[in-house]
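The values are calculated or read from the model by the stated rules, or taken from the named source; none is laboratory data. Keep in mind that what you see is a predicted model, and the values were worked out from it rather than measured. As a convention, Cβ positions derive from the backbone with ideal geometry for all residues, glycine included, and neighbour counts pool all protein chains shown. With ligands, DNA and RNA removed, areas are computed over all heavy atoms of the protein, side chains included. Shrake-Rupley method; radii C 1.70, N 1.55, O 1.52, S 1.80 Å.
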Amino acid sequence: MWCAGVLLAGVSVVVGCRAADTDALTPVPQLLAFLPWLLAPAVLALLLALLLRWRTGLVWGLLVLAALAWFTEPYGRAGEPTGTALAGFRVLTSNVQFGRGTASLVPALRRERPDVVFVEECESRCSALLERAFGGTNGTYPYRRAVDGAGSDGSVILSRFPLTAAPGVPGTMGMPGAVADVHGHPVRLQLAHPMPPLPGQVSVWRRELGELRAYAAAGGDTPTILAGDFNASQDHAAFRRILGTGLHDGARLADDARTPSWPARTAPLIGAQIDHVLVSRDFSARSAHFLALADTDHRALVLDVTLHRRR
């Protein structure tokens, strides 16, 4: 009975924070990323209560399971724009873990042929390799915006479309921004890579997600793509506030809202979707799929989108 009570109490705290729309303090933000997998300890507690004929535990366990089932439903709107289709293109985002996965990313880019690429943790060697493979005026991606840095600090946006410089979102790690000319239509591009919610750094994580929210809210009527490693899932309140500005999660639009992208070693069986492509309501999403790359702890996300004329 004691074990069942402890399990139910722990899960109840996390579910309660989800219901209260707060990320609270460590270890809640870390556990929220794996909210659907809290079904396992909840079911175990319910079985113990059943064996012990502990009525309070049975009722408690059923309520917890019902709440988990409710919140496991993908969050956010999935409506499609109704305006005329203007351009279709492919977006890819990949965290290459300190540049280690770059050698696997290069053939993936050649195979998947995305039009816009967001690469997180792309340090100097990663940036140089991508430039040699795809850069130059006659290269696959003649346009780029980058924040140079060592380790996890560097990031780069590659594009087939012409890019105009734009201020990036300030953060501990590099988050470059740009405006793309997609067949004559301006599209705001912003790479996302806030700090992870490590113990002792939750306030930094929350603040940097707030900066990304401010960027999303400032878009006005300009089509926007905000993509990268958010270090947050749909079960984090700070991430849902970004969606609250009017952006849609592309994987949600493509019916892949719960497919894990991290950690790659256990995904897709166990993990969290913390890599996202968020799009403004000008976009529809035709399909999404995740790529397993060697030497990185993230799976890349590929999303096919269509830009529509806003009514």
Segment 219-266: number of residues that are surrounded by fewer than 24 Cβ atoms within 10 Å (Cβ to Cβ), assigned to a strand (DSSP E or B) and among the hydrophobic types (A, V, I, L, M, F, W, C): 1
Unique match (being modelled with pLDDT under 95, farther than 25 Å from Leu307 by Cβ and crowded, with 20+ Cβ neighbours inside 10 Å) among Ser127, Ser152: Ser152
Any hit, segment 207-218, residues being within 20 Å of Leu32 (Cα to Cα), without any contact (Cβ under 8 Å) to a residue 24 or more places away in the chain, open to solvent by 50 Å² or more (accessible area, probe 1.4 Å) and in a loop (DSSP other than H, G, I, E, B): no
Scope segment 63-119; condition small (Gly, Ala, Ser), outside any loop (DSSP other than H, G, I, E, B) and over 18 Å from the mean Cα position of the chain (by Cα); matching residues: Ala66, Ala67, Ala69, Ala85, Ala87, Gly88, Ala103, Ser104, Ala108
The lone exception for Leu198 - which of (1) among the aliphatic types (A, V, I, L, M); (2) closer than 23 Å to Phe290 by Cα; (3) without any contact (Cβ under 8 Å) to a residue 12 or more places away in the chain it fails: (2)
Scan of segment 31-62 for residues that are open to solvent by less than 50 Å² (accessible area, probe 1.4 Å) and in a helix (DSSP H, G or I), ordered by number: Leu32, Leu35, Pro36, Leu38, Pro41, Ala42, Ala45, Leu46, Ala49, Gly57, Leu58, Gly61
Residues that are hydrophobic (A, V, I, L, M, F, W, C) and in contact with a Gly (Cβ under 9 Å, 6 or more places away or on another chain), drawn from segment 209-225: Leu212, Ala216, Ala217, Ile225
Test for Phe98: is it without any contact (Cβ under 8 Å) to a residue 60 or more places away in the chain, surrounded by 15 or more Cβ atoms within 10 Å (Cβ to Cβ) and within 20 Å of His193 (Cα to Cα): yes
Single condition Ala85 does not satisfy, out of (1) open to solvent by 50 Å² or more (accessible area, probe 1.4 Å); (2) over 18 Å from Asp256 (Cα atoms); (3) without any contact (Cβ under 8 Å) to a residue 40 or more places away in the chain; (4) of a type outside the set (Lys, Arg): (3)
Within segment 102-124, considering residues that are open to solvent by 10 Å² or more (accessible area, probe 1.4 Å) and in contact (Cβ under 8 Å) with a residue 40 or more places away in the chain, the one nearest to Leu226 (Cα to Cα): Asp115
Segment 122-140: number of residues that are assigned to a loop (DSSP other than H, G, I, E, B), under 24 Å from Ala192 (Cβ atoms) and not hydroxyl-bearing (Ser, Thr, Tyr): 3
Which numbered condition Ala150 misses (of (1) out of contact with any His (no Cβ under 9 Å at 6 or more places or on another chain); (2) part of a loop (DSSP other than H, G, I, E, B); (3) more than 18 Å from Glu131 (Cα to Cα); (4) aliphatic (A, V, I, L, M)): (3)
Test for Val204: is it surrounded by fewer than 20 Cβ atoms within 10 Å (Cβ to Cβ) and closer than 30 Å to Thr26 by Cβ: yes
Close pairs from segment 5-24: first exposed (fewer than 14 other Cβ atoms within 10 Å of the Cβ), partner of a type in the set (A, V, I, L, M, F, W, C), Cβ under 6 Å, at least 6 apart: Asp21/Ala237
Segment 272-281, subset modelled with pLDDT of 95 or more and either surrounded by fewer than 22 Cβ atoms within 10 Å (Cβ to Cβ) or under 18 Å from Leu31 (Cβ atoms) (or both), residue nearest to the chain's Cα centre (by Cα): Ile274
